[in-house]
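The next block holds one structure in the form of structure tokens; read it before the comments.
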Amino acid sequence: QVQAVESGGGLVQAGGSLRLSCAVSGSIFWMNTMAWYRQAPGEQREMVASINNVRRTNYVDSVKGRFTISRDNARNTVYLQMNSLKPEDTAVYYCNTADRTLRWGQGTQVTVSS
């Protein structure tokens, strides 16, 4: 089954930056709208950004102006550049299609200290 593998998380101080990567194998990657999701402890998983096959992007209001999603179809990889991080961005970050058709990966932990 197709799966995404996320990487790039870590511990960062508020105001810092991280770049997450997500490699997807075994799918027609370029056709799909890809998305980044996050799940904080005790919270539901939410979509924070998406990018379609013509690179049109959408963001949840809480990350607009701070996060940038991009994709490299030749590498079957989607990225999330996160700037001006806040403690409330602390979560496990996952990627999947916008329709959640891939098997969920392990995610990558992002922790923002105040």
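The values are calculated or read from the model by the stated rules, or taken from the named source; none is laboratory data. Because the structure is a prediction, the values reported are computed rather than measured. Heads up, the Cβs are rebuilt from the backbone with ideal geometry, glycines too, and the neighbour counts pull from every protein chain shown. Heavy atoms of the whole protein, side chains included, go into the accessibility calculation; ligands, DNA and RNA do not. Shrake-Rupley method; radii C 1.70, N 1.55, O 1.52, S 1.80 Å.
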Could you tell me whether segment 54-71 includes any residue that is assigned to a strand (DSSP E or B) and at pLDDT below 95? no
With the requirement that a residue be surrounded by fewer than 16 Cβ atoms within 10 Å (Cβ to Cβ) and either farther than 21 Å from V112 by Cα or out of contact with any Gly (no Cβ under 6 Å at 6 or more places or on another chain) (or both), what does segment 8-27 give you? G10, L11, Q13, A14, G15, G16, S17, S25, G26
Applying the selection to segment 58-114, what residues are open to solvent by less than 60 Å² (accessible area, probe 1.4 Å), within 14 Å of E46 (Cβ to Cβ) and among the charged types (D, E, K, R)? D89
So A23, is it part of a strand (DSSP E or B) and farther than 17 Å from V110 by Cβ: yes
Counting only residues that are among the aliphatic types (A, V, I, L, M) and part of a loop (DSSP other than H, G, I, E, B), which one in segment 2-20 is modelled with the highest pLDDT? A14
For segment 48-75, pairs from a residue that is farther than 17 Å from Y93 by Cα to a residue that is in a strand (DSSP E or B) and of a type in the set (V, I, T), with Cβ under 7 Å and 6 or more apart or across chains, are T57/I51; T57/I69
Odd one out for W30 among (1) of a type in the set (F, W, Y); (2) open to solvent by 20 Å² or more (accessible area, probe 1.4 Å); (3) touching a Phe, Trp or Tyr at 6+ places or on another chain (Cβ under 6 Å): (3)
Looking at (1) assigned to a strand (DSSP E or B); (2) in contact with a Leu (Cβ under 8 Å, 6 or more places away or on another chain); (3) open to solvent by 50 Å² or more (accessible area, probe 1.4 Å), which is the only condition M47 fails? (2)
Does V54 satisfy the criteria of being open to solvent by 30 Å² or more (accessible area, probe 1.4 Å) and of a type in the set (V, I, T)? yes
